[in-house]
Amino acid sequence: MQVFTSLKAFLDFRKDYLAKTGFVPTMGALHAGHLSLVKQALEENEQVIVSIFVNPAQFGPSEDFNKYPRTPENDLEKLKDLSKVIVLMPPKEEVYLQHPYFSISCGSLGNVLCGKTRPDHFNGVCLIVNKLFNLIGPCNAYFGRKDFQQTVILNRMVKELNLPINLIVCPTVREADGLALSSRNIYLNQEERKQAIGLFETLKLMKSSASIGNPVPELVKSGKEYFKRFPALKLDYLEIVNKEDLSTPDLIFSENNPVVAIAAYCGSTRLIDNIDLFG
Ligand code: AMP
């Protein structure tokens, strides 16, 4: 018999019996960013479940739920030769009951950065990811670093609610010029596409000019100044935050794992990106 009187020790023990199943949740319109998650999951698991589900709960009333790109045939074509992949693409009527009583809130973590312009977005993300985790069962779940705030919130959700999930964050896949791949990039016209590199260019500039001990507002100010070189882009936010709790430090220190996060409108398309200031 084995007895655990500490949760920490039990969770370490639990890690060993979590199934060797990988899970990659997506909203479809698959691109090389999604496929990099699938590839890593295949390398680390016996089977990989890829869900394709455009989640209504994470879109605001004036957002692009109806016009969000849906390309199921193309998506299946991209996955069809992967024998260990199982695709789950349920209709929304099966995923959401008609008169729900329950909800989930990620509290103030969902009110900062993207949450300022997308209220309830992260509550909707937490709800669907929770539902999918329950449907799939214990697994290794893969998420992209491109959606930085999402990874922070989901990591916290897994920890705080003791979900039987091992969450793995994978690097952002970029176009050759640095633009982070996104299903929404297809909305960009030629000129917008050219200027869309302004997000990553600004992040790189800030990373290269960051010095330990400098005030955060100064670095943010210089980033905003540089961003003006891309007049087709309208800045939503440019912030430096701690990786664990998304709070803003006063001074730059490598111990807070500072991350620069940016969101901007390129025409009517909202793009996001982020970079570690160190490492
Ligand atoms: P989505 O279909 O946009 O909800 O994305 C599904 C998953 O793919 C999320 O975990 C995203 O963070 C991840 N993802 C999207 N774009 C990229 C990218 N360019 N590089 C790496 N992962 C990505």
Measure out, as a whole number of angstrom, how far apart the alpha-carbon centroids of segment 88-113 and segment 205-279 sit.
29 Å
Quick check: Cα centre of segment 151-198 to Cα centre of segment 38-61, how many Å?
13 Å
On the formula 1/(1 + (r/R0)^6), with r taken between the Cβ atoms of residue 44 and residue 9 and R0 of 35 Å, the FRET efficiency rounded to 0.05 is 0.90
Restricting to aspartates and glutamates and to Cα separations under 15 Å from residue 15, and discarding same-chain partners fewer than 8 apart, the set is 44
Taking +1 at the Cβ of each Lys and Arg and -1 at the Cβ of each Asp and Glu, which of 272, 216, 248 sits farthest along the dipole of segment 172-272 towards its positive end, judged by Cα position relative to the Cα centre?
272
Descending packing, highest mean Cβ count within 10 Å first, for 193-206, 151-164, 125-138 is 193-206, 125-138, 151-164
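If I take every Cα pair under 8 Å that is 6 or more residues apart in the chain, average their sequence separation and divide by the length, what percent do I get for the relative contact order?
Details: 452 pairs, mean separation 46.3, N = 279.
Rounded, it is 17 percent for the chain.
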Relative to the present Cα-Cα distance, how much length would full extension add between residue 228 and residue 62 at 0.36 nm per residue of separation?
57.0 nm
Quick one: what are the phi-derived ³J(HN,Hα) couplings along segment 264-278, Karplus 6.51/-1.76/1.60 with θ = phi - 60°, whole Hz, x for glycine and proline?
8, 8, 10, x, 9, 8, 9, 10, 10, 6, 6, 8, 6, 5, 10
Sort 25-35, 109-119 for me by packing, meaning the mean count of neighbouring Cβ atoms within 10 Å per residue, highest on top.
25-35, 109-119
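Using 0.36 nm times the number of residues separating residue 73 and residue 92, minus their current alpha carbon distance, what extension gain do you get?
Additional length available on full extension: 5.0 nm.
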Classify segment 63-176 as rounded, prolate or oblate, taking a ≥ b ≥ c as the square roots of the eigenvalues of its Cα gyration tensor: rounded when a/c is under 1.5, otherwise prolate if a/b is larger than b/c and oblate if not.
rounded
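For the chain, what is the calculated [θ] at 222 nm in deg cm²/dmol (nearest 500), taking -39500 (n - 2.57) for each run of four or more DSSP H residues and dividing by its residue count?
After summing the helix terms and dividing by residue count, I get -10500 deg cm²/dmol.
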Helix 121-136 against the longest principal axis of the chain: what's the angle in degrees, Cα atoms only, rounded to the nearest 10?
30 degrees
Quick check: the angle from helix 148-160's long axis to the longest principal axis of the chain, C-alpha only, nearest 10 degrees?
40 degrees
Links that overshoot a 23 Å alpha carbon limit, given the list 204/224; 204/243; 39/159; 78/159:
39/159; 78/159
Which cross-chain or sequence-distant (5 or more) residues have an amide H under 5 Å from the amide H of residue 174, H modelled 1.01 Å from N in plane?
181
Nearest 10 degrees, 0 to 90: what angle lies between the long axis of helix 32-44 and the longest principal axis of the chain (Cα atoms)?
40 degrees
Which percent, to the nearest 5, of DSSP beta bridges fully inside the chain are antiparallel?
50 percent
Given unit charges at Cβ for Lys, Arg (+) and Asp, Glu (-), the dipole magnitude of the chain about its Cα centre in debye, nearest 20, is 160 debye
Which residue, chosen from 62, 95, 85, occupies the Cα position most advanced towards the positive end of the dipole of the chain, where the dipole is computed from +1 (Lys, Arg) and -1 (Asp, Glu) charges on Cβ about the Cα centre?
62
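None of the figures in this text is laboratory data; all of them are computed from the coordinates on show. Treat the numbers as computed from the prediction; the structure is a model and nothing was measured. Reconstructed Cβ throughout: ideal geometry from the backbone, glycine too, with neighbour counts over all protein chains shown.
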